[in-house]
Amino acid sequence: QVQLVESGGGLVQPGGSLRLSCAVSGGIFSIAVMGWYRQAPGKQRELVASISSGGSTNYADSVKGRFTISRDNAKNTVYLQMNSLKPEDTAVYYCRYASFREYWGQGTQVTVSS
């Protein structure tokens, strides 16, 4: 059973930064495609960023140039560095692990507000 635990969310002012972490246990992290998704109230869950086993990355247009996804295979952890945060980035952020099956974390709240 694969388990994902997100951390790093919180309240930040517009223009600020946060770094989310997602620690994975129980799977073969190095071969998994990892992704960060978010869901704002009343909206569908959307892809924010993903990173392949080889390190190739993909970003939503709305976060390009502001967010960076990375992974540390030695620590079984994926990160999302979020800079220049905007109020519209407010959402619950979820980590996703995809290999032979997919697994999701419980989510972490990010609130961008003054």
- Message: I'd like to check one number: the per residue accessible area of the chain, probe 1.4 Å, reported in Å² as a whole number.
- Response: 52
- Query: Quick one: length gained pulling Q44 to V5 fully straight, 0.36 nm per residue minus the C-alpha distance?
  - Reply: 11.9 nm
- Qualifying chymotrypsin sites (Phe, Trp or Tyr not before Pro) in segment 18-114, DSSP loop, other Cβ atoms within 10 Å at most 15: F100
- Message: Looking only at the chain, where both bridge partners belong to it, what percent of the DSSP beta bridges are antiparallel (to the nearest 5)?
- Response: 95
- DSSP loop trypsin sites (Lys or Arg not before Pro) in segment 49-114 with at most 15 other Cβ atoms within 10 Å of their Cβ, which ones? K64, R66, K75, R101
- Taking 0.36 nm per residue of separation and subtracting the Cα-Cα distance, what length does fully extending S99 through N83 add? 2.9 nm
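The values are calculated or read from the model by the stated rules, or taken from the named source; none is laboratory data. In this text the structure is predicted, and so the values were computed from the model without any measurement. We place every Cβ from the backbone using ideal geometry, glycine too, and count neighbours over all the protein chains shown. The protein model used for the area step is the full one, side chains on, heavy atoms only, and it has no ligands, DNA or RNA in it. Shrake-Rupley method; radii C 1.70, N 1.55, O 1.52, S 1.80 Å.
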